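The values are calculated or read from the model by the stated rules, or taken from the named source; none is laboratory data. Keep in mind it's a predicted model, so treat the numbers as computed, not measured. So basically every Cβ, Gly included, is an ideal-geometry build from the backbone, and we count neighbours across all protein chains shown.
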Amino acid sequence: MQRSKRMPSATRKPGAQAPLCMVPSCGRRAYARGLCQAHHRQHLTTGKLKPIRPYRPRSAGTVKFSGLRLSEKAAREIDRKAAREGLAHGAVIAKILEEWGRDGAKPPAFARASY
Ligand SMILES: [Zn+2]
């Protein structure tokens, strides 16, 4: 028996616009049940649909680090401090934030936002 032709994919036709998230003013591509990935996750975990708070925008000189987007310098300093003190990156970040919150002290210069 001859192999049948491959069935056309159930997804959109080539060139068609990707469907967008049904949440007004979201603008992300729909992922499941008419919702983008962020709103789908939000709906599953909270049962509600609210605007998604924006991440820090990607920009030159920033890197993904421990679930955050940091300057390359901050990531390097945290990595060094973690190695020196035998701590996880998250523990170093927590220490920096806690020091910052204590007595109105300023965070170390490398940890200050520069955008
Ligand atoms: Zn959305």
| message | Take residue 59 and tell me if it is in contact (Cβ under 8 Å) with a residue 24 or more places away in the chain, touching a helix residue (DSSP H, G or I) at 6+ places or on another chain (Cβ under 8 Å) and of a type in the set (Gly, Ala, Ser). | response | no
| task | Within the range 76-90, work out how many residues are over 27 Å from residue 54 (Cβ atoms) and assigned to a helix (DSSP H, G or I). | result | 6
| Can you tell me which of 73, 64, 50 is within 14 Å of the ligand (Cβ to nearest atom) and either assigned to a strand (DSSP E or B) or modelled with pLDDT under 95 (or both)? | 50
| request: Select from the range 36-82 the residues that are loosely packed, with under 14 Cβ neighbours inside 10 Å and at positive phi and list them in ascending order. | output: 47, 61, 67
